[in-house]
Structure formats: structure tokens, C-alpha cells
Amino acid sequence: MMDLKIKIECLPEPKLLFGRGETGVEPRRIMAKVGAADAVTPKEIRIALVGPSEEVQLARGWLPRLNSLAIARERSARRYRDWPGAPKALGVTFVIEDRFVRPLDDEKFRLALSKSSPSEKFDELLDLFDSKIQAFFGDVRPDCIIVCLPDEAADMRISNPRLSTGERLALERLQREEENDQLSLFQPTSEEQKAAEDLRTQAEDLLFRTFYRALKARIMTHQNPVPIQVVRRDTFVRPDNEGQSYATRAWNLALSLYYKSGHEPWRPASLPSNTCFIGISFHHLKRREGEVVYASVAQAFSNEIEPFALKGSTLPHDQRGEDRQPYLKEAQAAELMKGVLDKYESLAGILPSRVVVHKTSGYAAEEEAGFRRAAEQRVPVCDLIWLRSTAFGLIRKGTQEPWRGTLCTIGDESYLFTSGYVPWWDEYPGPHIPAPLQIGSCGPTNIRERAQEILALTKMNWNSSEGIGRHPITISFARKVGMLMTELSDNQTPNPSYRFYM
């Protein structure tokens, strides 16, 4: 019987950089004292409003709260902090000018909702919102647009009418395979199932169209668009003592608006400089010729540049490996790596000194050869890392869950807990026992250092003020790109900027 070497350690929580050069791990606490990483000029962020007139009025009445103090009502005072107001936390004031308030025509809105055909209702509502939003894309423009979606639109989902019967049957078969793959890992809780879905391409994304996704995709295809922030009525009408308090809602919404307006609330303080982290993902795509394929996408993140996405080759649905996951052939992998390096060089002015690729399945031999060939011609170091959901569990002695940042190595296998007990909150913010990500490398590397980088990249989610996430931005960005990709045709290029996917 072979003895397995087991090592368990807790990696230090990566620090973030905020205003005045201050660093820390917890955005809400640090920003309340020193503000955001960016010094914004001018000090006003102009917000536009689009939606049914009643929703717009609700939003206009609630949004001034972003500029003033709000007290957190949640029980956990360490986790939920008072909102100090945008001038103190971000150094800006959110402004809503009359010229940037565009209610929908109520009669046209009611008429669109009354359509008996789901597809007709969907398309008419999409056109109605789109016509109002794109009117802001001229020379005089807001910094960000809040789209007030009533529940009828926010929850709208229809079968994709572009699919033939044969394509729908093929995708439904793939969907069953994907669900069986998840169940083969473990008998998942709803949280674990969602985590597994976030790491994989989903046939369901192409089988159905959601209004929220279709609207975001439509907006980004226009020339010179403004990022949008979709907000539901519940944000403005739910009482302060139900669910998230006004303070927590203000933290999250203000940070998202701030980032989408072109600014950074925080930056990583511990990631190596001039390193390009790349996430590789695959998404179902409907081609104009009538064929359903996989589209390959690369997502890139670095301290030096804004996160961006880049579309690569399309693959036939039967180009899948032994694990039934799509993969790139050598020339396709090389071309995608070349595209990322070209884009990075154009944005940063120099090539990165190192690239790290993240993928949610193993690397086929052809993929490895292509990525390495293209990278090594121009970059000194290339690490190929994979990460995936796992049935592995770890229980601490006593009642406390494993700490976030716990790295458990058993023989050649490594497991990183990106969720878990959070010591600065003195709580575990999850309903179930935390499940780690299994991480590994295609080729020799320092797994501890790669795990530390992954942990730092889980903090780059500006949609939330908590400053932690389950997946690194290289992978969470991939899911957002993939969902919107299903709305694009194969000849459309997705907007590269991360601000349009949040």
C-alpha cells in the first residue's frame, strides 16, 4: 500500500490596493476610510435612467441614497458595514440630469407586454428598450446607464427560435450529458451545482434566450456604446429591514456603477507585474449557415491593462476529448494565444514577461503544443493551469469550516478552498460545507504560487463589495462572456471590455 503525503496550509489572504496607497483585504472597511484606488476627475459621475415611467420614478427617488450615509441593518456588523456615501467611499457624487432620464412610452410598453406570441413580445420589448438606450451614444453622453427592468421583463425567457428541431434535440442531448457529468462528481447541493455550472459551457445558454442577456448583448454591438447596469424594482422598493439593507445595496450598486463608468474601486496588491492571466473557455454558438458549433474565447487580466475578451476559432461539436469537453487543435491554440499577446501589447505598450493560462478541463496534447509554441516565441514563461469542481471535502476539528485560502495537497493532487470560513468576518458566508477547486498544471510549476495567484484573482469582482469570490476573474469572466455570446452571430465580434459583461 502506497503512503500518500498530505500537506495542509492556509495561504495568506491576498491584499488589495485602495486610495492613498493603503492596502487591506476587506473593501468595505478600507474604502470607508481611504476611498477608492482611482483618483477621479471630474468628481461627478453622470447616470442615465431608462425604463417604464413608474420604475424610473422609483429609481430616481432611491438613487440619491448613494451620495449619503446609510446604516447597515444586518446582524453581522463585521461583515456588513455602514455605507459612508459615495463622496467618501469613492470620491465622487452620482448625478442624474433631466436630459439623461428617458422613460419608455407606457402605451407601447403595455402593448408589447400584451402580445400573445412569446417571441414577438420578447423582440418588441427588446427593440423598445434598445431604441431609448442607444440614443445616449452620441457626443453628449452619460457615464453609465441604469436600465430599470420590471419583473415581467427581468424574468422573461423563451426558447431560441433560431434553432431547428434537429439542433434543439442535439443540444438537449448535450444538456443531459452536462447534467450527468455534474452528478457524477457528487450529489450536489444547489450551491455546488451552481458552482459546477459556472465552470462549464452550458447547452442551456443556447437553448433559451433571456431578456436580460439579450439586452446586454444588443447594446454592446452598437458603435461606441455606454455600459449598462440592469436594476430590478426590488432594489428600490424592498424595506431596509428585509434582505440586504439600504447600506449593502448602496455598496454593491455604487461600486458597479463606478467601475462601469471607467474607474477602479481597488486593484490587486500582490499579483506579479507584467503578467497576463488568460482564461480559456468554450461556448455554444449558432452559425448563420445553420450549424451549431463551439466558439473559443480567451479572457485576459493583468495589473497593467483593463480586462478584455477575445474570440478565437469555432469548433465543430464533435471536437471533444476523452472528458467530452471541447478542445483546441494546435493551430487554433497558437492563433488564440497570438491574438491575446497582440492585444496585450497594443494596450500595455509592451509584451508580458509571463503568461498564465487557466482552463476548466485538462489540456489536450495539441492544445499544450499550440499554446506553448505561440507563447514561447514572444514570452519567457508560460504556465498552463487547470481548475475544476470536485467531490473532495475537508472537515476541521470542532465546528469551524475550513478557512478560505486553505490549500490541501495529497500526493500529486491539490485542492484550494476559495470559499470557507472568513476570519476577518468571523463567519462562513455559505449555507453548506465549502467545496474546493482542484487545481493542477500541465507541465512543472510551483502549485502553491499558482494557488496564491488564483486566490488573488477571486477578489477581482467589482459587482460585489465583499472582496471575495469563488472563481478567479479569468473563469468568472468566461461565464459572463459565454452567456452573451449566444446572442451574437458567428460574424459578430464581442465587445472586448469587461465593463460590458458585469
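Please treat every number below as a calculation from the coordinates, not as lab data. All values derive from a computational prediction rather than experimental measurement. Because the Cβ atoms are built from the backbone with ideal geometry, glycine has one as well, and the counts that use them run over all protein chains shown.
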³J(HN,Hα) across the range 106-115 via Karplus (A = 6.51, B = -1.76, C = 1.60, θ = phi - 60°), whole Hz, x for Gly/Pro?
4, 5, 5, 5, 5, 5, 5, 5, 7, 4
Per-residue HN-Hα couplings for the range 223-232 [Karplus 6.51, -1.76, 1.60; θ = phi - 60°; Hz; x = Gly/Pro]
6, 6, x, 10, x, 10, 10, 7, 10, 8
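Please compute the contact order of the chain in relative form: average sequence separation of alpha-carbon pairs under 8 Å and at least six residues apart, divided by the residue count, as a percent. Present the calculation step by step, with values, prior to reporting the outcome.
Numbers: 988 pairs, mean separation 94.1, N = 502.
About 19 percent, as a whole number.
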How many angstrom separate the Cα center of the range 475-501 from the Cα center of the range 380-420?
29
Dimensionless Rg/Rh of the chain - Kirkwood Rh, Rg from C-alpha atoms
0.95
Work out how far the C-alpha atoms of the range 255-393 reach from end to end along every principal axis, then list the three figures in whole Å, largest first.
43, 42, 36
Using mean Cβ contacts within 10 Å as the protection proxy, how do 343-350, 292-299, 30-37 order, highest first?
292-299, 30-37, 343-350
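For the range 4-123, what's the relative contact order in percent, using C-alpha pairs closer than 8 Å and at least 6 residues apart?
Details: 149 pairs, mean separation 31.4, N = 120.
With pairs under 8 Å counted, the relative contact order is 26 percent.
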Per-residue counts of other Cβ atoms within 10 Å, averaged by peptide: what ranking do you get for 457-466, 4-13, highest first?
457-466, 4-13
For a quick check: with amide H placed at 1.01 Å from N, whose amide H comes under 5 Å from residue 292's, ignoring anything fewer than 5 positions away on the same chain?
287
Report, by chain and number, residues whose modeled amide H sits under 5 Å from the one on residue 263, excluding near sequence neighbours (fewer than 5 apart, same chain).
none
About its Cα centre, what dipole magnitude does the range 426-502 give when the only charges are +1 on Lys and Arg Cβ and -1 on Asp and Glu Cβ, stated in debye to the nearest 20?
120
Radius ratio Rg over Rh of the range 351-461, counting only Cα atoms, Kirkwood formula for Rh
1.04
Provide the packing ranking of 471-477, 446-452, 90-96, i.e. peptides ordered by the mean count of other C-beta atoms within 10 Å per residue, highest first.
471-477, 90-96, 446-452
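Rounded to the nearest 20 debye, what is the charge dipole size of the chain about its Cα centre when +1 sits on each Lys and Arg Cβ and -1 on each Asp and Glu Cβ?
Around 1060 debye, computed over the chain.
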Using DSSP, restrict attention to beta bridges with both residues in the chain and report what percent are antiparallel, rounded to the nearest 5.
60
Once phi is turned into ³J(HN,Hα) by the Karplus curve 6.51 cos²θ - 1.76 cosθ + 1.60 with θ = phi - 60°, what whole-Hz value does each residue of the range 343-358 show in order, with x for glycine and proline?
5, 4, 4, 5, 7, 8, x, 9, 7, x, 8, 7, 10, 10, 9, 10
